[in-house]
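The values are calculated or read from the model by the stated rules, or taken from the named source; none is laboratory data. Worth saying up front: this structure is predicted, and the values here are computed from it rather than measured. Note: ideal-geometry Cβ built from the backbone for every residue, glycine included; neighbour counts use all protein chains shown.
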Amino acid sequence: MKKEKGTMALEEKEKKTRSDEQKALQKIADQDYKYGFVTDIEMEDFPKGLNEEIVRMISAKKMEPEFMTEWRLKAFRHWLKMSEPKWPHLTYPEVNFNDLYYYAAPKKKDGPKSLDEVDPELLATFEKLGVPLEERELLAGVAVDAVIDSVSVATTFKGKLNEMGIIFCPISEAIKDHPELVQKYLGTVVPYTDNFYATLNSAVFSDGSFVYIPPGVRCPMELSSYFRINASKTGQFERTLIIADKDSYVSYLEGCTAPMRDENQLHAAVVELIALDDAEIKYSTVQNWYAGNKEGVGGIYNFVTKRGICAGKNSKISWTQVETGSAITWKYPSCILKGDHSVGEFYSVALTNNYQQADTGTKMIHLGNDTRSLIVSKGISAGKSNNAYRGLVKISKKAENARNYSQCDSLLIGDQCGAHTYPYLEVENPSAQVEHEATTSKVSEDQIFYLNQRGISTEDAVGMIVSGYAREVFQQLPMEFAVEAQALMSVSLEGSVG
Amino acid sequence: MLSIKNLNVSAEGKTILNGLNLEVNKGEIHAIMGPNGSGKSTLAHVLSGRSGYQVESGSASYNGLDLLDMLPEIRAREGIFLAFQYPIEIPGVNNTSFLKKALNEIRKHRGEEELDAIDFLQLIKKQMQLVEMKEDLLRRPVNQGFSGGEKKRNEILQMAVLDPKLAILDETDSGLDIDALRIVAGGVNKLRSKDNAFVVITHYQRLLDYIVPDFVHVLSDGKIIKSGTKELALELEDRGYDWLTNEPETVA
Amino acid sequence: MTETLNIFKDWVQDQSRKGSDFVLSKDFRQRSLSEVRTENFPTRKNEEWRYTPLSSVFDRQPSFAAEAEVNPADVEQLTAAFADAHHLVFIDGHFNRTLSDEISVLARDGIAINLLEDLEPGSQDEVERVIKNAKLTDDNIFRHITQGLARTGLFIELQKNIEITKPLHLLFLGTQSGKTTLSNPINVVHLNPNSRLKIIQQFASVTATKALTIPADYFQIDEGAALEIYKLGLESDETDHLSNTYAQLADAGSLNHHQYLFGSRFTRTNTEINFAGSGSEVVLRGIYLGDKSQHLDIRTYVDHAQPNCMSDQHFRGIMNDHSRGVFNGLVLVREHAQKTNAQQSNKNLLLSRDARVDTKPQLEIHADDVKCAHGATIGELDENALFYLQSRGISKQDAALMLTRAFATEITQEVKLDSLREYIQAEIEARLMEAQNFHV
């Protein structure tokens, strides 16, 4: 039975690889959110609400060492003093933080040792998501650390990675098994005082991924993790920590989907990346969480803090993101370029439709000499949505010969949406060269007609034009992801052009 | 194949085509000439389904179908091809994938099997020789960074690949030097057959030295005021349009 | 800081109580002064003042100067540069009739110039109407102080179809050292349909003058009318200059607004444009050139509220020594403002290790059929160009000067009045020569 499935998937995959990118843009049959279902697994919940007791319970439940409990509590106490940020281009009803569950885990005494032990219903969930673990394992050479509501349930390829000294595991496991690494690096890039949501995350984070690449090792496969928000009213607080030691390389893929619900859900993840001398981290995200329906009801609030530090010389951090989901997105994957000759990159496609709101961008903080950063942001607004790029490029006084180039374009589809660009350039060293450019364009009727006249339907035409516009960013994604991302764009744009 | 009867078309409240009649049969080449603003390009646009025009009255049937009632992509799939006067640039969209997509949409419509990448590349390479196009243009985005001549050759390449039944060339000669003109015309001549037809819209006679029409029509104020054979084009070259437009109405 | 603000606020109320001869109606003044509340004082938490701390400004409590004797030679020297202009001269916040051209003579050309102090009580309605009509997005306290404490100002009105070819030269001169003088002129300009006017607005001081200059400008440009304004900020290093400018354009109006800001210890200009009709065009140009520890902050806000308008902004900063430049511009294209064409460019030269530039060019777009683009650059002089000139035998300093001059000329060349353009270019030259890095 399983075998059969595998073969089918193989055929699917071959077809996919053979077909070119336009194929991926072909209408995906189902107009509604494809991943809208609820997995019926018994959940183990803590009481609603947030106080020191809950924070201690989370820490105790996870059998964390003392330093972790203390760190969580410090964060919680700090959080009590903070207030929610207000942004001019994001509007949403206030979140009642005492009406959320801060911990939910599938009821299982011991973690599964192999895929066979994984709850079959969970596996089915992944299948529906298009992330069949065993197939990935067999076909794509991707190790998947799958997270459903807070607790990692399956980790594959552990053996092979272990041999190379690579640690790829749930962060809860890393806290127990590699406390020295966690203690050394956790909170060094995003301190627990950083911002309202990051501080909240520090206090209550449930699980997430941990990656450590030892010196001189090039991780042989794309590490991949799929996040899902499943239980109703569960705020999800993922924490990811990736350390690339000297002269190492890793590419990490994060994919996110969530089932459909008529209730807004909060997601406040924190991702920290650390690249030491000559190391490179490539972090790619495709985010297609439920965006709410056409009337703007429901959808995920995605308030994420992602930041990397190029701590060593010649290090490089590259963020690539394709954001098509969530009712509200608020995220600025950033790079602190501390090491001399370090490089930061940010490639982003953010697509909003209906009533979605996205406020996203990056911060490039140049501290070291000869540091370089590149920002390529492609915003696409449709329906009644609002899409903002907000970015900071800072060249500090001691950063000699820093270079930055930013290109932030907006594409508007229809006359009901908004596209905004807020770059901040702060330069304190004259040897810097900083350049920002932005343009606004629309999908023109001429372009659509030209494609129509060659036999291509309007829906396909829009998909092609939009993908062409975002090509520079898609090229940064691993092939597998790029195809999926382009398909997602077409789905997300359905009905946006009449 | 194409039968236009008493077609009246307006745009933004202004009448542009004013009782136009035209019959095109398989295997024929029709040249439509006329002064600026006579409605030549409008005719091309209306036949291919561009928005922004109001058909007030009259009809256009194409192989027995009501042409004016069809979406632009359906007309294309039914075999109508418009070579644009100003080909549109589409940033980031690869010229080859675009054309492959277009061809396969048309093949699907005809009930033919879609071409895979290898067969398609063979086809396109063969047709490229027809228009002497450089191969790197295939890898570039549609019409972006193309010179004026390259854009027009790209139009003819698309025509060669899509193999239309009725091709409308909208001032394809404008902005072309004599070599490019020769190449473009050569492409058209190789494609003409007893099964297809061409409507060649042009302002100048010189294109007709290369693409020899069976009929020449003079369009003025939205209707055809004179029809003839290729000799009419030469006469127009000699005498301009004034002698026609100033004459009392002649029956087309 | 709160302490300082309270003292400053008290000072404002105190001036209002003590002062007489205010030129706007009591109601209007009081409404203005009621806006001068602690919570309305700009702080760096306010996005519009993020890079511009005001503590040094609030540290001083300026006062009204009495009408002072002024050496006519000082004024003549300044007016001589624009011989072909009508001159209106303000000294230390007072209109000076002796040094100004006769207003009644100007009236003969069809240009009605009213001094606010000459308006009969009750006849200020028209001026107050124009001011009230202005809805500023950075509604900072300074324009309210200007209005609440206004003792002089101009209400200029051009009748339909009148074109004044000779520019109007408004000179605001500070002469007082020692105590800080308050200069808070209001300039209200109303161009009736199809009229055209050029204004040179010059802020200058006699050496070492201490002043707080807080002008408020209101321009109402009716159908088909065209206004050209050149603002020169050339005050002394001891002067703080904070201005607010609001322009509203009806159909097919045109505004050409240039700012050349070279002087003052501290400068902040806020220019807000409102397109109230379609088919209008606005060109904003500016150079901010700083040396020593000057702080120069340019804010623009262009509101495309109506379709089919064009705005084109180009600002350049040249920062020497310890100076700091800020550009903060925003283009808003509202829903339905289709066919908008909005361009915004900001380029900066950092010529010293201790200089700093912060720039924030912003676009907010709610219509799809628009052409909008912006760009910003920050950097030093192009090394290749420097080397090229040196390889032809030109000294590095001269080469740097040539390139910097060229950088500025791309803006100044658009000044249409010859004598003014030459004047501005000479000012730039002189200031560059004075800055450390061009010392030969």
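Quick notes
- Search result, residues across the stretch B:65-95 that are assigned to a helix (DSSP H, G or I) and out of contact with any strand residue (DSSP E or B) (no Cβ under 7 Å at 6 or more places or on another chain): B:Asp69, B:Pro72, B:Glu73, B:Ile74, B:Arg75, B:Ala76, B:Arg77
- Residue within the stretch A:377-385 that is touching a residue at least 40 places away in the same chain (Cβ under 8 Å), at the interface with another protein chain (Cβ under 9 Å from one of its Cβ atoms) and either more than 27 Å from C:Asp368 (Cβ to Cβ) or surrounded by 22 or more Cβ atoms within 10 Å (Cβ to Cβ) (or both) present: no
- The selection criterion, being of a type outside the set (D, E, K, R) and either more than 13 Å from chain C (Cβ to nearest Cβ) or free of Cβ contacts under 8 Å to residues at least 12 places away in the same chain (or both), holds for A:Ser334.
- A count restricted to the stretch C:78-104 and to residues that are in contact (Cβ under 8 Å) with a residue 60 or more places away in the chain and part of a loop (DSSP other than H, G, I, E, B) stands at 7.
- Of the strands (runs of 3 or more DSSP E) lying entirely inside the stretch A:395-480, the ones with 1 or more residues being among the hydrophobic types (A, V, I, L, M, F, W, C) and more than 7 Å from every other protein chain (Cβ to nearest Cβ) are found at A:403-413.
- Subset tally (residues that are touching a residue at least 40 places away in the same chain (Cβ under 8 Å) and part of a strand (DSSP E or B)) for the stretch A:294-305: 5
- For the stretch C:333-367, a residue qualifies if it is within 8 Å of chain A (Cβ to nearest Cβ), hydroxyl-bearing (Ser, Thr, Tyr) and crowded, with 21+ Cβ neighbours inside 10 Å, and exactly one does: C:Thr359.
- Scan of the stretch C:38-77 for residues that are charged (D, E, K, R), without any contact (Cβ under 8 Å) to a residue 40 or more places away in the chain, farther than 25 Å from C:Gly329 by Cβ and in a loop (DSSP other than H, G, I, E, B), ordered by number: C:Glu67, C:Glu69
- Considering the stretch C:291-329, and only residues there that are of a type in the set (Gly, Ala, Ser) and touching a Gly at 6+ places or on another chain (Cβ under 6 Å), the residue that is surrounded by the fewest Cβ atoms within 10 Å (Cβ to Cβ) turns out to be C:Ser323.
- Residue that is in contact (Cβ under 8 Å) with a residue 40 or more places away in the chain and among the aromatic types (Phe, Trp, Tyr), where the choices are B:Phe84, B:Phe120: B:Phe84
- Here the stretch B:96-152 is the region considered, the condition is being polar (S, T, N, Q) and in a helix (DSSP H, G or I), and the residue that is nearest to the other protein chains (Cβ to nearest Cβ) is B:Ser97.
- Residues in the stretch B:186-229 that are over 23 Å from B:Lys165 (Cβ atoms) and part of a helix (DSSP H, G or I): 1 in all.
Yes or no, residue by residue, for (1) farther than 18 Å from A:Gln447 by Cα; (2) surrounded by fewer than 15 Cβ atoms within 10 Å (Cβ to Cβ); (3) not β-branched (Val, Ile, Thr):
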residue	(1), (2), (3)
B:Asn8	yes, no, yes
B:Lys14	yes, yes, yes
B:Leu17	yes, no, yes
B:Leu22	yes, no, yes
B:Asn95	no, no, yes
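- Residues in the stretch C:378-392 that are in a loop (DSSP other than H, G, I, E, B) and of a type in the set (A, V, I, L, M): C:Leu381 only.
- Scope the stretch C:263-279; condition outside any strand (DSSP E or B) and crowded, with 23+ Cβ neighbours inside 10 Å; matching residues: C:Gly263, C:Ser264
- Residue, farthest from the chain's Cα centre (by Cα), within the stretch B:46-57, restricted to residues that are more than 9 Å from chain A (Cβ to nearest Cβ) and in a helix (DSSP H, G or I): B:Val46
- Failed condition for B:Glu73, given (1) under 24 Å from A:Ile465 (Cα atoms); (2) more than 7 Å from chain A (Cβ to nearest Cβ): (2)
- Exclusive hit being of a type in the set (Val, Ile, Thr), under 24 Å from B:Val200 (Cα atoms) and modelled with pLDDT of 90 or more, set B:Val161, B:Val131: B:Val161
- The stretch B:76-86, residues that are at the interface with chain A (Cβ under 9 Å from one of its Cβ atoms) and buried (at least 22 other Cβ atoms within 10 Å of the Cβ): B:Ala76, B:Arg77, B:Ile80, B:Phe81, B:Leu82, B:Phe84
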